[in-house]
């Protein structure tokens, strides 16, 4: 062993010994060491000082610690051959401080393969040496069968420290579960063992801080092993939590707890959060929320505002392929969703609470709840209500409970008659007291709401407010709810009403998860006070349904809203504004589910109720008209939708002025309808006016601005201004991509259509696929998702990738038949896309009935001179000509002539390539009939018009036909 190696071993041993001592005892030992070896004492003192710094390496930016150090080495440049008694075989991975190698023993002592971590060359600052030593020291104190074990350590011949760990030959926990198609119970048992290991580490005062699937490997015996304590932290003696610094934290952003990203105190609850994420990913193959930020500021914003989806909701959205990859061919998404709903959802949600104090107190408590679920016992995360415990008891003891119930009913029958008679006698005496009490409660409610409003204004006054800085509206409402709970514990009716009021305000403030929790409490409390079927309970239930819709759980929201409306109607309150609001929310859901007629019925009734209640010119009526217009637009009823939007626009302008932001929103809706009707110049005026208002009234990166740019870009594409469209889309995607949503999915879809217009069909297919995935995440198995799939089919067809197009087209047709069987627009579009695919495959007999159905559909949707009808006629004519049957030639000729007349009459730039396609088919018609001069004239006319990138495949067909006919191609005969 070299002198340097011996010296390092001595320094490391002293550091390990002194780091654990009280400062006073440590000072005495260092003083003694100063007398015997001052240089050694100085090195140890420097490492100890680095260990005591308030902002160690982990919590700050790496560059700040290693300033001036040259580029970090690659694994290939690490020590060659061996280090200590270990031969280095191949690199396994690389971290910030060191490279991990697969190694084997070479000194003959024993045979063993291990993982050796060697400090990188140049990473020898005091802070990093301290970090490396602490990592070794942390591993040395952990001795658990599910945690990798420290085997050895020392200094290599190149004077770099190393330490040796067990080598785990296995897969990540998620990959292992998927490859072996483990069922839910097996996955829970596996993670419970991981949680046990983490709990053990916590008991040894070690927080891992970077738990994720890649740091939990499952070996060939099925045992999980937790590894990579490279950024673990010892829990300070002063308390369980440690404060991070302000720099960029060394962590995995996707798996980091909010407090890690926001620079808040770190504790054992941080690892519990990571275990919750791992559980969700194990169960449904994805995380319950996505972080897309690339900077600390963006990540911090996402972490402070993010909302997590329930595991059961994610399970319900899984495609068949995704589910089979996780659980095998027999898996059922509905069955999985039902299994995860309830207790498992609650376990995941408890582990993922934003505030660490609201999570499981320990990893052991988390593991205990996993095993409680496995055993069918009540979980600790659920409120310990008698009803819940009774339900669990009944499930475990069905036979005994059944016998007891028979006896109980016989006793209750006789008692019930006596109780009913006594209740009748009390009812009359209580009626007067109820009316008086109701008036007193309403007065108290008004006073409390007034106090909240006054408090809101006082928060803006530095002198009047209680704290140095003003609370945000979100914090103010949350504090108000806490005050209600503490001060109105003895007044449950007033507490229920105020919780409803404040919960609805939380929805308006976009505090969605908090709103759902508040309104659920209000509903449960109101149910216990006035009964499940009362008007008051139904109104709170409707508000709760709105909150559930706001967090994205559409199926649960639909059930709640339908239940609330049924109760309100049965109680004679179906014409109240609260019922109308519930109908508007439900109309949006019915629209997504493809029930257009029911959606319009609900939305129209909402307009009627608000007109009757508030008057025809009230601004609130405009909001209901906007919902109605949206429903009519999505159903393809454009004239009525345009009338609804314009009526709403006039009401807003009269109440708030022409330049109010709400007029901009309605103008974009009007522009959408005009754009679909190919009234491009009129649509451009609406979009540009809306964009001018929004840029004047809103921040540059507001979602409304992004949405209007998206619409304008699509219009510019349709008008042939592709360069302007690219600029509009780029700005729109940058804005909308910050908040993944249905609107972002729409942006990706229209961006794909731009690529198609540019003739970049492969790129278009890729963008449509991303849009499909975004729609699937936002809306599940919806009409929007599968219409986007059909767009991808059309791009694949243009790219001549027919096998993929066939497969996806079949999936899309089956899905639309399931989610929207009677929708005219969707069925028409599906027939057009798949018919065009069959035409491109030269399967003319299969294409003809589909394209005939598509023509019938567009004729019912659009007016007779619409370009879509002309296109459908040309496509059907091509299929008829392809069959080369004389009986079909007359119909084909009539279709082509009508299309040419329509497109010639339109005379706009967008119609020119469509007209070129019509001339191409007429050229084929003449060629089949032997009129070669007419065929040559038409093919030349076709080539002159098929010059846009999107029509390049048609141009190639025309050029091939021209060569066959001897017509000039590119100036040559």
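The values are calculated or read from the model by the stated rules, or taken from the named source; none is laboratory data. Everything numeric in this text was worked out from a predicted model, so none of it was measured. Cβ coordinates were reconstructed from backbone atoms using ideal geometry, including for glycine residues, and neighbour counts include every protein chain displayed.
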Residue that is surrounded by the most Cβ atoms within 10 Å (Cβ to Cβ), among those in the range 879-890 that are out of contact with any helix residue (DSSP H, G or I) (no Cβ under 6 Å at 6 or more places or on another chain) and on the phi < 0 side of the Ramachandran plot: 889
Some residue of the range 718-731 being under 20 Å from residue 773 (Cα atoms) and either more than 27 Å from the chain's Cα centre (by Cα) or crowded, with 19+ Cβ neighbours inside 10 Å (or both): yes
Those residues of the range 320-343 which are under 22 Å from residue 808 (Cα atoms) and out of contact with any helix residue (DSSP H, G or I) (no Cβ under 7 Å at 6 or more places or on another chain), in sequence order: 320, 321, 322, 324, 328, 329, 330, 332
Residue under evaluation residue 838, criteria (1) more than 24 Å from residue 593 (Cα to Cα); (2) outside any helix (DSSP H, G or I), criterion not met: (2)
Hey, residue 806 touching a residue at least 24 places away in the same chain (Cβ under 8 Å), closer than 30 Å to residue 317 by Cβ and in a helix (DSSP H, G or I) or not: yes
Number of the condition not met by residue 194 [criteria: (1) modelled with pLDDT of 70 or more; (2) not in a helix (DSSP H, G or I)]: (2)
Listing of helices (runs of 4 or more DSSP H) fully contained in the range 487-582 that carry 2 or more residues being within 18 Å of residue 606 (Cβ to Cβ) and not assigned by TED's automatic domain parsing to the domain that holds residue 355: 492-508, 535-550, 554-570
Residues that are buried (at least 24 other Cβ atoms within 10 Å of the Cβ) and either over 20 Å from residue 953 (Cβ atoms) or in contact (Cβ under 8 Å) with a residue 40 or more places away in the chain (or both), drawn from the range 766-786: 771, 772, 774, 775, 785, 786
Among the residues listed as 591, 586, 602, the single one being modelled with pLDDT under 85, over 24 Å from residue 495 (Cβ atoms) and touching a helix residue (DSSP H, G or I) at 6+ places or on another chain (Cβ under 7 Å): 591
Residues (touching a residue at least 40 places away in the same chain (Cβ under 8 Å) and surrounded by fewer than 18 Cβ atoms within 10 Å (Cβ to Cβ)) located in the range 787-803: 800
Residue check, residue 715 in a helix (DSSP H, G or I), within 24 Å of residue 861 (Cβ to Cβ) and at pLDDT 90 or above: yes
Verdict on residue 658 being without any contact (Cβ under 8 Å) to a residue 24 or more places away in the chain, more than 24 Å from residue 548 (Cα to Cα) and outside any helix (DSSP H, G or I): yes
